[in-house]
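Below is one structure, written out as structure tokens, with a few remarks after it.
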Amino acid sequence: KKSGWLGYYWAPTAILGKYEMTKLSFGVEHNKADWDACTAVPDCPNPKVNSYPTSDVFTVVTKAFSEKAGVAMDYMKTRQWDNGTVGKVLAWMDANQGTNEDAAKHFLETYPDMWTKWVAPEIAEKVKAAL
């Protein structure tokens, strides 16, 4: 409807990749101690203004994998992307009814400046040629 909207949403999601959103500030940083002691406790008698915490995302592998998969581990340590990019890929996937494979190909075609830093130059050239 192209009208204003105020609410809470999480990322990454297709909707945040599709629409331009502005994060509103609570005016304070996240305070974990206050969050744990009161903000996250139902019926806390004295809640304070507290920003939502940022969730960390980790890549976890087994010890056996890490010891045997040197090149793959190099990639795993280097690979990173932001929620905005993930949201845009999810929005593309939703708009095009794309499969996971379609979205991966779209990502590789659309964001070479990002993913080529994750792999050796000769590997990047092979991927580009295969696209």
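The values are calculated or read from the model by the stated rules, or taken from the named source; none is laboratory data. The model shown is predicted, which means the values in this text are computed figures rather than measured ones. We place every Cβ from the backbone using ideal geometry, glycine too, and count neighbours over all the protein chains shown.
A few notes on this one:
- Those helices (runs of 4 or more DSSP H) of the stretch 67-131 in which 1 or more residues are among the basic types (K, R) and in contact (Cβ under 8 Å) with a residue 24 or more places away in the chain occupy 83-95, 100-110.
- Selection within the stretch 85-98 - surrounded by 12 or more Cβ atoms within 10 Å (Cβ to Cβ) and of a type outside the set (K, R): T85, V86, G87, V89, L90, A91, W92, M93, D94, G98
- Hits in the stretch 99-119 (condition: exposed (fewer than 15 other Cβ atoms within 10 Å of the Cβ), over 13 Å from L131 (Cα atoms) and of a type in the set (A, V, I, L, M)): none
- Identity of the residue in the stretch 79-131, of a type in the set (S, T, Y) and within 15 Å of the chain's Cα centre (by Cα), that ends up nearest to W10 (Cα to Cα): T85
- Against the criterion of being closer than 25 Å to P12 by Cβ and among the β-branched types (V, I, T), T62 does not qualify.
- Leading residue by the ranking (nearest to the chain's Cα centre (by Cα)) among those in the stretch 1-50 that are hydroxyl-bearing (S, T, Y) and surrounded by 14 or more Cβ atoms within 10 Å (Cβ to Cβ): T13
- Flag if V71 is exposed (fewer than 12 other Cβ atoms within 10 Å of the Cβ), aliphatic (A, V, I, L, M), within 30 Å of E122 (Cα to Cα) and over 15 Å from the mean Cα position of the chain (by Cα): yes
- Residues located in the stretch 69-110, provided they are over 30 Å from T22 (Cβ atoms) and either among the β-branched types (V, I, T) or at pLDDT below 95 (or both): A69, G70, V71, A72, M73, D74, Y75, M76, K77, T78, T99
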